[in-house]
Amino acid sequence: MSTKTAVRDLLDQAGTTYAEEAGIKLEDKPSPLYRLLVLSVLLSTRIKAGIAVSAARELAEFGTPRKMRDATWQQRVDALGRGHYVRYDESTATALGDGAEHLLDRCQGDLRKLRDEAEDDIKALKSKLQEVKGLGPVGAEIFCREAQAVWPELRPYFDKKALSGAEKVGLPKDAKRLAELVGEDDLARLAAALVRATLEKDVAEKVSA
């Protein structure tokens, strides 16, 4: 199978971004960016991605930092429970409330302000993101990987899991070379597909360059 064919098959089979799977219409606006941040918090724990996505859908009613902060702790726990995110539901409910409070104090709930402060320095941006309770290095990686769909200054962004997936399916384990295989609008989709190649055995088995 040629590299181009492998990439096309990979995008067809697994190229849905995690944001899209969670029902987030990602735009460069405060609410969808915040919902992506919440999804990144959920995905960064040791829990199946499908469960994290389901929980993010349930938390959609608290789609701004103010709504998340103003929700009761029990409301957040209940939403996580409906998404079957039960292993870390109580600690995550607390973290989401604290994180929302921080964002309101730090940037009026608008993540674009943190991006602007970072001045195209991705390392600085990730550092600022990690000030949010519950979002560690892994969560910051996930956020940037998905946010590149609407923040061009992040492109190309392939984290360790994406690069591991690239190796599994025989694609270049190098961000710049991977970026040459698709258009800019498909970078986030390719990154998500490569992560699935890492996490889901059947994806890697079906696609091989």
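Looking at the square roots a ≥ b ≥ c of the eigenvalues of the Cα gyration tensor of segment 129-190, which shape do they give, rounded for a/c under 1.5, prolate if a/b is larger than b/c, or oblate? Judged from the Cα gyration tensor, segment 129-190 comes out oblate (a/c at least 1.5, b/c at or above a/b).
Most fluctuating residue of VAL182, VAL38, VAL195 in a GNM of the chain with Cα springs under 10 Å: which is it? Highest fluctuation among the options: VAL182. Segment 140-158 and segment 1-52 have their alpha-carbon centroids 11 Å apart. Accessible area per residue for segment 62-175 is 47 Å², calculated with a 1.4 Å probe on protein heavy atoms, without ligands, DNA or RNA.
Given the pairs LYS25/LYS128; LYS48/LYS160; LYS29/LYS128; LYS113/LYS133; LYS25/LYS67; LYS126/LYS161, which are separated by over 22 angstrom at their Cα positions? From LYS25/LYS128; LYS48/LYS160; LYS29/LYS128; LYS113/LYS133; LYS25/LYS67; LYS126/LYS161, over 22 Å: LYS25/LYS128. For THR72 and LYS123, the difference between the fully extended length at 0.36 nm per residue and the C-alpha to C-alpha distance is 15.0 nm. Report in % the part of the accessible area of segment 119-209 that belongs to carbon and sulfur, leaving out ligands and nucleic acids; probe 1.4 Å. Solvent-exposed carbon and sulfur of segment 119-209 make up 46 percent of the total.
Highest GNM mean-square fluctuation among PRO65, PRO137, PRO156, for the chain modelled with Cα contacts below 10 Å: PRO137. With the convex hull constructed from alpha-carbon coordinates only, segment 103-209 shows a mean projected area of 6.8 nm² over all directions. Comparing ARG189, ARG87, ARG76, which has the greatest mean-square fluctuation in the GNM of the chain with Cα pairs linked when under 10 Å apart? Looking only at ARG189, ARG87, ARG76, the largest GNM fluctuation is found for ARG87. Using a simple spin-label model with pseudo-atoms 7 Å out from Cα toward Cβ, LYS160 and ASP186 lie 2.9 nm apart. Note on segment 1-43: with neighbouring protein chains present and a 1.4 Å probe, carbon and sulfur make up 45 percent of its accessible heavy-atom surface.
Each of ASP98 and GLU200 was given a label point 7 Å from its Cα along the Cα-to-Cβ line. The distance between the two points is 3.3 nm. The figure for LYS201 is an accessible area of roughly 150 square angstrom, using a 1.4 Å probe on the protein chains alone. Here's the picture: charge each Lys and Arg Cβ at +1 and each Asp and Glu Cβ at -1 in segment 1-134, and of GLY97, SER40, GLY50 the one pushed furthest to the positive end of that dipole is GLY50. Each residue of segment 189-205 was assigned a 3J(HN,Hα) from its phi angle through the Karplus expression (A = 6.51, B = -1.76, C = 1.60, θ = phi - 60°), giving 5, 5, 4, 5, 5, 5, 4, 5, 5, 6, 8, 10, 4, 5, 5, 5, 5 Hz with x at Gly and Pro.
The values are calculated or read from the model by the stated rules, or taken from the named source; none is laboratory data. Bear in mind that the values here come from a model prediction, so they are computed numbers and not experimental data. All Cβ positions, even for glycine, are placed from backbone atoms using ideal geometry, and neighbour counts span all protein chains on display. What goes into the accessible areas is simple: the full protein's heavy atoms, side chains included, and nothing from ligands, DNA or RNA. Shrake-Rupley method; radii C 1.70, N 1.55, O 1.52, S 1.80 Å.
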